[in-house]
1. Residues of segment B:131-145 being open to solvent by 10 Å² or more (accessible area, probe 1.4 Å) and among the hydroxyl-bearing types (Ser, Thr, Tyr), which ones?
2. Within the bounds of segment A:147-158, is there any residue that is touching a Pro at 6+ places or on another chain (Cβ under 6 Å), open to solvent by 10 Å² or more (accessible area, probe 1.4 Å) and modelled with pLDDT of 95 or more?
3. Test each condition in (1) within 14 Å of chain A (Cβ to nearest Cβ); (2) at pLDDT 95 or above for B:PRO103 and report the one that comes out false.
4. Just to confirm my filter: which helices (runs of 4 or more DSSP H) fall fully inside segment B:121-218 and include at least 3 residues that are closer than 30 Å to A:SER142 by Cα?
5. Restricting attention to segment A:184-206, which residues are more than 20 Å from B:GLN176 (Cβ to Cβ), facing chain B (nearest Cβ under 8 Å) and either crowded, with 24+ Cβ neighbours inside 10 Å or β-branched (Val, Ile, Thr) (or both)?
6. Considering each residue of segment A:122-148, count those that are within 12 Å of A:LEU167 (Cα to Cα) and at the interface with chain B (Cβ under 9 Å from one of its Cβ atoms), and give that number.
7. State all residues of segment A:106-120 that are under 15 Å from A:ILE69 (Cα atoms), touching a residue at least 40 places away in the same chain (Cβ under 8 Å) and within 14 Å of another protein chain (Cβ to nearest Cβ); if no residue qualifies, say none.
8. Starting from residues that are within 7 Å of chain B (Cβ to nearest Cβ) and either under 21 Å from B:SER105 (Cβ atoms) or at pLDDT below 95 (or both), keep the ones in segment A:207-218 and report whichever is farthest from the chain's Cα centre (by Cα).
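The values are calculated or read from the model by the stated rules, or taken from the named source; none is laboratory data. Since we're looking at a predicted model, the values are computed, not measured. Cβ placement follows ideal geometry from the backbone for every residue including glycine, while neighbour counts extend to all protein chains displayed. Calculation scope for accessible area: heavy atoms of the full protein, side chains included, ligands and nucleic acids excluded. Shrake-Rupley method; radii C 1.70, N 1.55, O 1.52, S 1.80 Å.
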2 protein chains.
Amino acid sequence: MKIGILGTGMVGRALARRLVELDHGVMVGARSKASESLAKLGELDGIETGSFADAAAFGELLINATGGIHSIDAIASCEPSDLAGKTLLDVANLLELRPTGPPVSLASVDNCLGVQIQKTFPDSKVVKSLNTMNCNVMVDPSLVEGDHVVFVSGDDSAAKGAVVGLLRGFGWRDEQINDLGGIETAAGPEMIMPLWLSVMFARGGFDAGPFNFAVNSG
Amino acid sequence: MKIGILGTGMVGRALARRLVELDHGVMVGARSKASESLAKLGELDGIETGSFADAAAFGELLINATGGIHSIDAIASCEPSDLAGKTLLDVANLLELRPTGPPVSLASVDNCLGVQIQKTFPDSKVVKSLNTMNCNVMVDPSLVEGDHVVFVSGDDSAAKGAVVGLLRGFGWRDEQINDLGGIETAAGPEMIMPLWLSVMFARGGFDAGPFNFAVNSG
(Lines give C-alpha, C1' and ligand atoms only; values in the text may rest on other atoms or scores of the structure.)
Protein backbone atom coordinates (compact mmCIF):
# COMPACT_ATOMS: atom_id res chain seq x y z
CA MET A 1 0.00 0.00 0.00
CA LYS A 2 1.13 3.62 -0.52
CA ILE A 3 1.48 5.24 2.89
CA GLY A 4 2.02 8.94 3.61
CA ILE A 5 3.66 9.71 6.94
CA LEU A 6 3.42 13.21 8.41
CA GLY A 7 6.36 13.88 10.74
CA THR A 8 10.08 13.16 10.70
CA GLY A 9 10.67 12.64 14.44
CA MET A 10 11.74 9.34 16.00
CA VAL A 11 8.26 7.90 15.54
CA GLY A 12 7.87 8.90 11.89
CA ARG A 13 11.34 7.59 11.06
CA ALA A 14 10.78 4.24 12.82
CA LEU A 15 7.45 3.75 11.05
CA ALA A 16 8.90 4.71 7.66
CA ARG A 17 11.85 2.30 7.90
CA ARG A 18 9.65 -0.57 9.01
CA LEU A 19 6.94 0.04 6.41
CA VAL A 20 9.54 0.04 3.64
CA GLU A 21 10.91 -3.27 4.96
CA LEU A 22 7.35 -4.58 4.69
CA ASP A 23 7.25 -3.52 1.00
CA HIS A 24 4.88 -0.61 1.37
CA GLY A 25 5.42 2.52 -0.69
CA VAL A 26 6.36 5.27 1.75
CA MET A 27 6.57 9.04 1.53
CA VAL A 28 7.50 11.01 4.64
CA GLY A 29 6.41 14.65 4.81
CA ALA A 30 7.89 17.46 6.88
CA ARG A 31 6.84 21.03 7.60
CA SER A 32 9.89 22.23 5.61
CA LYS A 33 11.49 20.39 2.72
CA ALA A 34 14.81 21.74 4.07
CA SER A 35 14.43 19.49 7.17
CA GLU A 36 17.67 17.68 8.03
CA SER A 37 15.79 14.56 9.24
CA LEU A 38 13.92 14.52 5.96
CA ALA A 39 17.15 14.65 3.95
CA LYS A 40 18.57 11.70 5.93
CA LEU A 41 15.37 9.70 5.40
CA GLY A 42 15.59 10.46 1.67
CA GLU A 43 18.94 8.69 1.53
CA LEU A 44 17.31 5.40 2.58
CA ASP A 45 16.23 3.03 -0.15
CA GLY A 46 12.58 3.24 -0.98
CA ILE A 47 11.61 6.23 1.18
CA GLU A 48 10.33 9.26 -0.71
CA THR A 49 10.22 12.67 0.94
CA GLY A 50 8.30 15.90 0.59
CA SER A 51 6.05 18.36 2.37
CA PHE A 52 3.15 17.31 4.59
CA ALA A 53 0.91 18.05 1.59
CA ASP A 54 3.07 15.88 -0.70
CA ALA A 55 2.85 12.95 1.72
CA ALA A 56 -0.92 13.33 1.97
CA ALA A 57 -1.24 13.40 -1.83
CA PHE A 58 0.97 10.29 -2.10
CA GLY A 59 -0.63 8.06 0.53
CA GLU A 60 -3.68 5.85 0.22
CA LEU A 61 -3.42 5.60 4.01
CA LEU A 62 -1.97 8.46 6.09
CA ILE A 63 -0.17 8.43 9.43
CA ASN A 64 0.00 11.44 11.74
CA ALA A 65 3.36 11.17 13.52
CA THR A 66 3.82 14.88 14.16
CA GLY A 67 4.07 16.31 17.68
CA GLY A 68 0.54 16.39 19.06
CA ILE A 69 0.46 20.13 19.70
CA HIS A 70 1.33 20.76 16.02
CA SER A 71 -0.79 18.00 14.47
CA ILE A 72 -3.88 20.01 13.53
CA ASP A 73 -1.74 22.64 11.76
CA ALA A 74 0.29 19.96 9.98
CA ILE A 75 -2.79 18.16 8.70
CA ALA A 76 -4.46 21.46 7.79
CA SER A 77 -1.54 22.23 5.46
CA CYS A 78 -2.60 19.31 3.24
CA GLU A 79 -5.17 19.60 0.44
CA PRO A 80 -8.62 18.63 1.78
CA SER A 81 -9.12 16.42 -1.29
CA ASP A 82 -5.98 14.47 -0.30
CA LEU A 83 -7.46 13.74 3.14
CA ALA A 84 -11.04 12.98 2.15
CA GLY A 85 -12.10 9.37 2.48
CA LYS A 86 -8.68 8.20 3.63
CA THR A 87 -7.78 6.34 6.80
CA LEU A 88 -5.70 8.63 9.02
CA LEU A 89 -3.82 6.68 11.68
CA ASP A 90 -3.04 9.09 14.51
CA VAL A 91 -0.14 7.96 16.71
CA ALA A 92 0.60 11.36 18.29
CA ASN A 93 0.48 12.57 21.89
CA LEU A 94 -0.32 16.04 23.21
CA LEU A 95 3.00 16.64 24.95
CA GLU A 96 4.27 20.10 25.80
CA LEU A 97 8.05 20.36 25.92
CA ARG A 98 9.38 22.38 28.86
CA PRO A 99 12.80 24.04 29.15
CA THR A 100 13.71 21.54 31.86
CA GLY A 101 12.24 18.24 32.98
CA PRO A 102 10.19 15.71 31.07
CA PRO A 103 7.46 16.68 28.58
CA VAL A 104 4.06 17.35 30.12
CA SER A 105 0.89 15.72 28.81
CA LEU A 106 -2.02 18.06 28.09
CA ALA A 107 -4.42 15.13 27.62
CA SER A 108 -7.77 14.91 29.36
CA VAL A 109 -11.24 13.62 28.55
CA ASP A 110 -12.05 17.10 27.21
CA ASN A 111 -8.73 17.49 25.37
CA CYS A 112 -8.36 14.40 23.21
CA LEU A 113 -6.22 14.84 20.09
CA GLY A 114 -7.82 11.97 18.18
CA VAL A 115 -11.28 13.48 18.70
CA GLN A 116 -10.05 16.95 17.73
CA ILE A 117 -8.51 15.64 14.51
CA GLN A 118 -11.70 13.76 13.61
CA LYS A 119 -13.82 16.88 14.28
CA THR A 120 -11.49 19.20 12.36
CA PHE A 121 -11.17 16.84 9.37
CA PRO A 122 -14.57 15.10 9.26
CA ASP A 123 -13.93 13.61 5.81
CA SER A 124 -10.93 11.65 7.11
CA LYS A 125 -11.39 8.35 8.89
CA VAL A 126 -9.31 8.83 12.01
CA VAL A 127 -8.02 5.80 13.93
CA LYS A 128 -6.00 6.27 17.12
CA SER A 129 -3.45 3.59 17.87
CA LEU A 130 0.18 2.90 18.86
CA ASN A 131 0.55 6.10 20.93
CA THR A 132 1.05 4.22 24.22
CA MET A 133 4.56 2.88 23.69
CA ASN A 134 8.08 3.59 22.47
CA CYS A 135 8.43 3.61 18.68
CA ASN A 136 10.73 0.58 18.67
CA VAL A 137 7.97 -1.46 20.32
CA MET A 138 5.32 -0.03 17.96
CA VAL A 139 6.97 -1.61 14.92
CA ASP A 140 8.38 -4.72 16.65
CA PRO A 141 6.18 -5.94 19.51
CA SER A 142 8.41 -9.01 19.94
CA LEU A 143 10.78 -6.70 21.86
CA VAL A 144 8.44 -7.09 24.85
CA GLU A 145 7.37 -10.43 26.36
CA GLY A 146 3.85 -11.73 26.78
CA ASP A 147 0.47 -10.40 25.75
CA HIS A 148 1.19 -6.69 26.06
CA VAL A 149 -1.37 -4.62 24.23
CA VAL A 150 -2.05 -2.04 21.57
CA PHE A 151 -5.31 -0.08 21.64
CA VAL A 152 -7.41 0.92 18.62
CA SER A 153 -10.11 3.63 18.63
CA GLY A 154 -12.08 4.97 15.68
CA ASP A 155 -15.54 5.49 14.24
CA ASP A 156 -15.04 3.73 10.88
CA SER A 157 -14.85 -0.07 10.86
CA ALA A 158 -13.09 -0.32 7.50
CA ALA A 159 -10.46 2.22 8.60
CA LYS A 160 -9.89 0.28 11.82
CA GLY A 161 -9.57 -2.86 9.73
CA ALA A 162 -6.86 -1.21 7.60
CA VAL A 163 -4.97 -0.18 10.75
CA VAL A 164 -5.30 -3.66 12.22
CA GLY A 165 -3.80 -4.95 8.98
CA LEU A 166 -0.77 -2.68 9.48
CA LEU A 167 -0.48 -3.77 13.12
CA ARG A 168 -0.46 -7.42 12.08
CA GLY A 169 2.27 -6.56 9.59
CA PHE A 170 4.37 -5.15 12.44
CA GLY A 171 3.92 -8.45 14.29
CA TRP A 172 1.03 -7.70 16.62
CA ARG A 173 -1.05 -10.81 17.34
CA ASP A 174 -4.84 -10.49 17.33
CA GLU A 175 -5.04 -11.24 21.06
CA GLN A 176 -2.85 -8.18 21.70
CA ILE A 177 -5.03 -5.80 19.67
CA ASN A 178 -7.72 -4.16 21.87
CA ASP A 179 -10.50 -2.39 19.96
CA LEU A 180 -11.86 0.10 22.51
CA GLY A 181 -14.68 1.50 20.34
CA GLY A 182 -15.29 4.90 18.76
CA ILE A 183 -12.80 7.74 18.46
CA GLU A 184 -13.97 9.20 21.79
CA THR A 185 -12.26 6.24 23.50
CA ALA A 186 -8.90 7.59 22.29
CA ALA A 187 -8.85 9.76 25.43
CA GLY A 188 -7.93 6.69 27.48
CA PRO A 189 -4.76 5.73 25.60
CA GLU A 190 -3.81 9.42 25.27
CA MET A 191 -4.15 9.96 29.03
CA ILE A 192 -1.84 7.03 29.79
CA MET A 193 1.21 9.09 28.74
CA PRO A 194 2.04 10.57 32.20
CA LEU A 195 2.01 7.06 33.69
CA TRP A 196 4.14 5.80 30.81
CA LEU A 197 6.67 8.57 31.48
CA SER A 198 6.72 7.85 35.25
CA VAL A 199 7.23 4.14 34.61
CA MET A 200 10.04 4.94 32.16
CA PHE A 201 11.77 7.21 34.68
CA ALA A 202 11.30 4.64 37.47
CA ARG A 203 13.06 2.15 35.15
CA GLY A 204 16.08 4.34 34.50
CA GLY A 205 14.81 7.03 32.15
CA PHE A 206 15.82 7.06 28.53
CA ASP A 207 18.02 3.99 29.19
CA ALA A 208 14.97 1.96 30.27
CA GLY A 209 14.71 -1.22 28.25
CA PRO A 210 11.63 -1.85 26.13
CA PHE A 211 8.37 -2.19 28.07
CA ASN A 212 4.68 -1.92 27.41
CA PHE A 213 1.39 -2.13 29.23
CA ALA A 214 -0.62 -5.34 29.35
CA VAL A 215 -4.10 -6.13 30.65
CA ASN A 216 -4.06 -9.28 32.77
CA SER A 217 -7.22 -11.28 33.50
CA GLY A 218 -8.33 -13.67 36.21
CA MET B 1 -2.88 -1.10 63.39
CA LYS B 2 -5.88 1.19 63.94
CA ILE B 3 -7.12 2.33 60.53
CA GLY B 4 -9.71 5.03 59.85
CA ILE B 5 -11.50 4.75 56.50
CA LEU B 6 -13.33 7.75 55.07
CA GLY B 7 -16.12 6.61 52.74
CA THR B 8 -18.75 3.86 52.76
CA GLY B 9 -18.94 3.13 49.03
CA MET B 10 -17.92 -0.18 47.44
CA VAL B 11 -14.24 0.65 47.90
CA GLY B 12 -14.48 1.67 51.55
CA ARG B 13 -16.56 -1.39 52.36
CA ALA B 14 -14.18 -3.80 50.59
CA LEU B 15 -11.17 -2.30 52.36
CA ALA B 16 -12.90 -2.37 55.75
CA ARG B 17 -13.92 -6.01 55.49
CA ARG B 18 -10.46 -7.11 54.37
CA LEU B 19 -8.58 -5.05 56.97
CA VAL B 20 -10.71 -6.55 59.75
CA GLU B 21 -9.93 -10.04 58.41
CA LEU B 22 -6.27 -9.08 58.68
CA ASP B 23 -6.78 -8.17 62.37
CA HIS B 24 -6.53 -4.41 62.01
CA GLY B 25 -8.76 -2.18 64.11
CA VAL B 26 -11.13 -0.47 61.67
CA MET B 27 -13.48 2.49 61.92
CA VAL B 28 -15.39 3.58 58.83
CA GLY B 29 -16.60 7.18 58.68
CA ALA B 30 -19.44 8.63 56.63
CA ARG B 31 -20.65 12.14 55.93
CA SER B 32 -23.80 11.35 57.90
CA LYS B 33 -24.05 8.91 60.78
CA ALA B 34 -27.54 8.11 59.45
CA SER B 35 -25.97 6.51 56.34
CA GLU B 36 -27.54 3.17 55.46
CA SER B 37 -24.22 1.71 54.23
CA LEU B 38 -22.65 2.74 57.51
CA ALA B 39 -25.36 0.97 59.51
CA LYS B 40 -24.83 -2.24 57.52
CA LEU B 41 -21.06 -2.04 58.04
CA GLY B 42 -21.66 -1.55 61.77
CA GLU B 43 -23.39 -4.93 61.91
CA LEU B 44 -20.16 -6.67 60.84
CA ASP B 45 -17.89 -8.01 63.56
CA GLY B 46 -15.05 -5.71 64.40
CA ILE B 47 -15.98 -2.72 62.26
CA GLU B 48 -16.67 0.49 64.15
CA THR B 49 -18.55 3.33 62.52
CA GLY B 50 -18.85 7.09 62.92
CA SER B 51 -18.44 10.40 61.14
CA PHE B 52 -15.47 11.24 58.91
CA ALA B 53 -14.05 13.11 61.91
CA ASP B 54 -14.56 10.09 64.21
CA ALA B 55 -12.71 7.83 61.76
CA ALA B 56 -9.83 10.31 61.50
CA ALA B 57 -9.60 10.54 65.30
CA PHE B 58 -9.61 6.72 65.56
CA GLY B 59 -7.02 5.84 62.92
CA GLU B 60 -3.25 5.80 63.21
CA LEU B 61 -3.34 5.46 59.43
CA LEU B 62 -6.17 6.96 57.35
CA ILE B 63 -7.64 5.92 54.01
CA ASN B 64 -9.53 8.29 51.72
CA ALA B 65 -12.11 6.14 49.95
CA THR B 66 -14.64 8.90 49.33
CA GLY B 67 -15.69 9.96 45.83
CA GLY B 68 -12.85 12.07 44.45
CA ILE B 69 -14.94 15.17 43.83
CA HIS B 70 -16.01 15.15 47.50
CA SER B 71 -12.67 14.12 49.05
CA ILE B 72 -11.31 17.55 49.99
CA ASP B 73 -14.56 18.45 51.78
CA ALA B 74 -14.67 15.08 53.54
CA ILE B 75 -11.11 15.37 54.82
CA ALA B 76 -11.66 19.03 55.76
CA SER B 77 -14.48 17.96 58.08
CA CYS B 78 -11.91 16.17 60.29
CA GLU B 79 -9.97 17.89 63.09
CA PRO B 80 -6.60 19.09 61.74
CA SER B 81 -4.91 17.55 64.79
CA ASP B 82 -6.36 14.15 63.80
CA LEU B 83 -4.74 14.44 60.36
CA ALA B 84 -1.37 15.88 61.33
CA GLY B 85 1.58 13.54 60.99
CA LYS B 86 -0.55 10.61 59.81
CA THR B 87 -0.21 8.58 56.65
CA LEU B 88 -3.24 9.27 54.44
CA LEU B 89 -3.66 6.61 51.77
CA ASP B 90 -5.70 8.14 48.94
CA VAL B 91 -7.42 5.55 46.73
CA ALA B 92 -9.97 7.92 45.18
CA ASN B 93 -10.60 9.00 41.59
CA LEU B 94 -11.94 12.30 40.29
CA LEU B 95 -14.99 10.87 38.55
CA GLU B 96 -18.03 12.95 37.71
CA LEU B 97 -21.26 10.99 37.59
CA ARG B 98 -23.53 11.88 34.67
CA PRO B 99 -27.29 11.26 34.40
CA THR B 100 -26.59 8.69 31.67
CA GLY B 101 -23.49 6.87 30.52
CA PRO B 102 -20.35 5.99 32.40
CA PRO B 103 -18.67 8.33 34.90
CA VAL B 104 -16.29 10.87 33.37
CA SER B 105 -12.76 11.37 34.68
CA LEU B 106 -11.73 14.95 35.43
CA ALA B 107 -8.08 13.95 35.87
CA SER B 108 -5.22 15.73 34.12
CA VAL B 109 -1.64 16.66 34.95
CA ASP B 110 -2.98 19.95 36.31
CA ASN B 111 -5.92 18.35 38.13
CA CYS B 112 -4.44 15.61 40.30
CA LEU B 113 -6.42 14.71 43.40
CA GLY B 114 -3.45 13.29 45.32
CA VAL B 115 -1.51 16.51 44.79
CA GLN B 116 -4.52 18.64 45.78
CA ILE B 117 -5.02 16.66 48.99
CA GLN B 118 -1.32 16.97 49.89
CA LYS B 119 -1.37 20.74 49.23
CA THR B 120 -4.61 21.27 51.16
CA PHE B 121 -3.51 19.15 54.14
CA PRO B 122 0.27 19.68 54.24
CA ASP B 123 0.61 18.08 57.69
CA SER B 124 -0.71 14.76 56.37
CA LYS B 125 1.57 12.34 54.57
CA VAL B 126 -0.41 11.55 51.44
CA VAL B 127 0.28 8.33 49.52
CA LYS B 128 -1.65 7.57 46.33
CA SER B 129 -2.18 3.91 45.56
CA LEU B 130 -4.74 1.26 44.56
CA ASN B 131 -6.92 3.65 42.50
CA THR B 132 -6.23 1.85 39.20
CA MET B 133 -8.33 -1.26 39.74
CA ASN B 134 -11.62 -2.73 40.95
CA CYS B 135 -11.91 -2.92 44.75
CA ASN B 136 -12.03 -6.72 44.72
CA VAL B 137 -8.61 -6.79 43.07
CA MET B 138 -7.25 -4.12 45.45
CA VAL B 139 -7.69 -6.37 48.46
CA ASP B 140 -7.03 -9.72 46.73
CA PRO B 141 -4.56 -9.42 43.85
CA SER B 142 -4.60 -13.21 43.40
CA LEU B 143 -7.89 -12.68 41.50
CA VAL B 144 -5.75 -11.64 38.49
CA GLU B 145 -2.97 -13.73 36.96
CA GLY B 146 0.66 -12.75 36.55
CA ASP B 147 2.66 -9.73 37.61
CA HIS B 148 -0.06 -7.13 37.29
CA VAL B 149 0.84 -3.98 39.15
CA VAL B 150 -0.09 -1.48 41.82
CA PHE B 151 1.43 2.00 41.76
CA VAL B 152 2.59 4.01 44.79
CA SER B 153 3.23 7.78 44.80
CA GLY B 154 4.08 10.01 47.76
CA ASP B 155 6.60 12.42 49.22
CA ASP B 156 7.20 10.69 52.56
CA SER B 157 9.24 7.47 52.55
CA ALA B 158 7.97 6.24 55.91
CA ALA B 159 4.36 6.78 54.82
CA LYS B 160 5.00 4.90 51.59
CA GLY B 161 6.56 2.12 53.67
CA ALA B 162 3.40 1.91 55.79
CA VAL B 163 1.25 1.68 52.65
CA VAL B 164 3.52 -0.97 51.14
CA GLY B 165 3.04 -2.90 54.38
CA LEU B 166 -0.73 -2.80 53.90
CA LEU B 167 -0.35 -3.85 50.25
CA ARG B 168 1.74 -6.85 51.27
CA GLY B 169 -0.97 -7.73 53.77
CA PHE B 170 -3.52 -7.78 50.93
CA GLY B 171 -1.25 -10.20 49.06
CA TRP B 172 0.68 -7.90 46.73
CA ARG B 173 4.17 -9.22 45.99
CA ASP B 174 7.09 -6.78 46.01
CA GLU B 175 7.67 -7.25 42.27
CA GLN B 176 4.11 -6.04 41.65
CA ILE B 177 4.52 -2.83 43.70
CA ASN B 178 5.76 0.06 41.53
CA ASP B 179 7.02 3.11 43.44
CA LEU B 180 6.69 5.94 40.91
CA GLY B 181 8.19 8.70 43.09
CA GLY B 182 6.73 11.83 44.69
CA ILE B 183 3.05 12.68 44.99
CA GLU B 184 3.15 14.58 41.69
CA THR B 185 3.46 11.18 39.96
CA ALA B 186 -0.07 10.34 41.17
CA ALA B 187 -1.36 12.11 38.04
CA GLY B 188 -0.34 9.08 35.98
CA PRO B 189 -2.37 6.45 37.84
CA GLU B 190 -5.28 8.90 38.18
CA MET B 191 -5.33 9.56 34.44
CA ILE B 192 -5.52 5.85 33.64
CA MET B 193 -9.18 5.76 34.71
CA PRO B 194 -10.72 6.50 31.26
CA LEU B 195 -8.68 3.67 29.75
CA TRP B 196 -9.68 1.39 32.62
CA LEU B 197 -13.35 2.21 31.96
CA SER B 198 -12.98 1.60 28.19
CA VAL B 199 -11.26 -1.73 28.81
CA MET B 200 -14.00 -2.71 31.26
CA PHE B 201 -16.75 -1.84 28.75
CA ALA B 202 -14.87 -3.66 25.95
CA ARG B 203 -14.88 -6.72 28.25
CA GLY B 204 -18.61 -6.68 28.89
CA GLY B 205 -19.13 -3.77 31.27
CA PHE B 206 -19.95 -4.35 34.89
CA ASP B 207 -19.99 -8.10 34.22
CA ALA B 208 -16.32 -8.00 33.12
CA GLY B 209 -14.27 -10.45 35.11
CA PRO B 210 -11.39 -9.21 37.25
CA PHE B 211 -8.54 -7.57 35.32
CA ASN B 212 -5.66 -5.24 35.99
CA PHE B 213 -2.86 -3.49 34.15
CA ALA B 214 0.63 -4.96 34.02
CA VAL B 215 3.92 -3.58 32.73
CA ASN B 216 5.70 -6.17 30.59
CA SER B 217 9.45 -5.99 29.86
CA GLY B 218 11.71 -7.29 27.15
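1. B:SER142
2. Narrowing segment A:147-158 to residues touching a Pro at 6+ places or on another chain (Cβ under 6 Å): A:151.
Subset that is open to solvent by 10 Å² or more (accessible area, probe 1.4 Å): none.
No - not one qualifying residue is present in segment A:147-158.
3. (2)
4. Numbers: elements: B:135-139, B:157-170, B:187-191, B:193-202.
It comes to B:187-191, B:193-202.
5. Correct list: A:THR185, A:ALA187, A:GLY188, A:PRO189, A:MET191, A:PRO194.
6. 1
7. If the condition is that a residue be under 15 Å from A:ILE69 (Cα atoms), touching a residue at least 40 places away in the same chain (Cβ under 8 Å) and within 14 Å of another protein chain (Cβ to nearest Cβ), then A:ALA107, A:SER108, A:CYS112, A:LEU113, A:GLY114, A:VAL115 are the ones that fit.
8. Just the residues of segment A:207-218 that are within 7 Å of chain B (Cβ to nearest Cβ), to begin with: A:209-218.
Next cut, either under 21 Å from B:SER105 (Cβ atoms) or at pLDDT below 95 (or both) only: A:209, A:213, A:215, A:218.
Details: A:GLY209: 20, A:PHE213: 17, A:VAL215: 21, A:GLY218: 31 Å.
Among those residues, the one meeting the criterion is A:GLY218.
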